[in-house]
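Colleague: After the structure tokens below, expect a handful of questions from me.
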Amino acid sequence: MLVLVVDSSTPAVTAALVEVTASGVTTRAYRRTVDARAHGELLAPQVDAVLADTGSRPAGLGAIVAGLGPGPFTGLRVGLVTAATMGQVLGVPTYGVCSLDAIGYPAAAGEPVLAASDARRREIYWAVYDGAGQRLVGPEVGAPAAVAGRARALAVTAAVGDGAHRYADTLGLPLRAEPRYPDAHALATLAAERIRAGAPGEPLTPLYLRRPDAVAATARKPVLP
């Protein structure tokens, strides 16, 4: 089954086309551009590109997988709206995966690891994974210094992800170079069991973890002097 994978939870805008079979997941085409200010402009062309790279058409898709975040409001919703709209138009199921899982799961190497992405405001989105890549704690958002304390208490031995690189000195953990951003193959792998089982599609509920900066006014303003 051909599956489209999208993620826009970080500055990396990702689209991939994978094939999910009974024996595994194979990446057929992959595009990623790191640009925190152009999620809306980049994602749709990248989806077109991965389909063109494989000579596929949208009608040939059997499912869509999207990274649910956590991530900043504006960027994250681009991927989720794209996935949800395509799923509805094509009549195929959509499946969500925590984007941090697609960083922590492939980085698993036998000991606990911290996966972190940049949350802006001098904070990080983070989660801790055991040696097999299963999430133990999170996702949460917090200051790197506070996260460092939590990581020590959980016996974390390494950190991975763009947030870990940005705040390496504060976290004080050995860094793993990759994956720096959510890995498309990992997103598909983490959804593969649901895809193979033909599970019903899921609402793509974003993991914002905090309220957006823009909020509706709570009171009417007078228009007359």
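Colleague: Having 2 or more residues that are modelled with pLDDT of 95 or more and small (Gly, Ala, Ser) is the bar; report the strands (runs of 3 or more DSSP E) wholly within region 111-225 that clear it. Talk me through it step by step, then tell me what you get.
Modeller: Numbers: elements: 113-120, 123-129, 135-142, 158-160.
So the answer is 113-120, 158-160.
Colleague: List, please: which pairs have Cβ atoms under 7 Å, are six or more places apart or on different chains, and start with a residue in region 24-46 that is farther than 17 Å from residue 65 by Cβ and end with one that is surrounded by fewer than 16 Cβ atoms within 10 Å (Cβ to Cβ)?
Modeller: Pairs that qualify, where the first residue is farther than 17 Å from residue 65 by Cβ and the partner is surrounded by fewer than 16 Cβ atoms within 10 Å (Cβ to Cβ), are 42/35.
Colleague: Specify the residue that is least open to solvent (accessible area, probe 1.4 Å); the eligible residues are those in region 192-202 that are more than 14 Å from residue 27 (Cβ to Cβ) and in contact with a strand residue (DSSP E or B) (Cβ under 8 Å, 6 or more places away or on another chain).
Modeller: 195
Colleague: On the given criteria, is residue 28 closer than 28 Å to residue 164 by Cα, out of contact with any helix residue (DSSP H, G or I) (no Cβ under 6 Å at 6 or more places or on another chain), of a type in the set (D, E, K, R) and assigned to a strand (DSSP E or B)?
Modeller: The answer is no for residue 28.
Colleague: A follow-up question, please. Out of region 159-173, which residues are out of contact with any Ser or Thr (no Cβ under 7 Å at 6 or more places or on another chain) and in contact (Cβ under 8 Å) with a residue 12 or more places away in the chain?
Modeller: Passing the criteria: 159, 160, 164, 165, 166, 167, 170, 171, 172, 173.
Colleague: Something else: With respect to the numbered conditions (1) without any contact (Cβ under 8 Å) to a residue 24 or more places away in the chain; (2) touching a strand residue (DSSP E or B) at 6+ places or on another chain (Cβ under 9 Å), which one is the sole condition not fulfilled by residue 55?
Modeller: So residue 55 meets the others, but not (2).
Colleague: Name the residue, out of 90, 68, 76, that is under 20 Å from residue 190 (Cβ atoms), open to solvent by 20 Å² or more (accessible area, probe 1.4 Å) and in contact with a Pro (Cβ under 7 Å, 6 or more places away or on another chain).
Modeller: 68
The values are calculated or read from the model by the stated rules, or taken from the named source; none is laboratory data. Since the structure is predicted, the reported quantities are computational estimates derived from the model, not experimental observations. Every residue, glycine among them, receives a Cβ derived from its backbone with ideal geometry; neighbour counts consider all protein chains shown. Remember, those area values only see protein heavy atoms, side chains included, never the ligands or the DNA or RNA. Shrake-Rupley method; radii C 1.70, N 1.55, O 1.52, S 1.80 Å.
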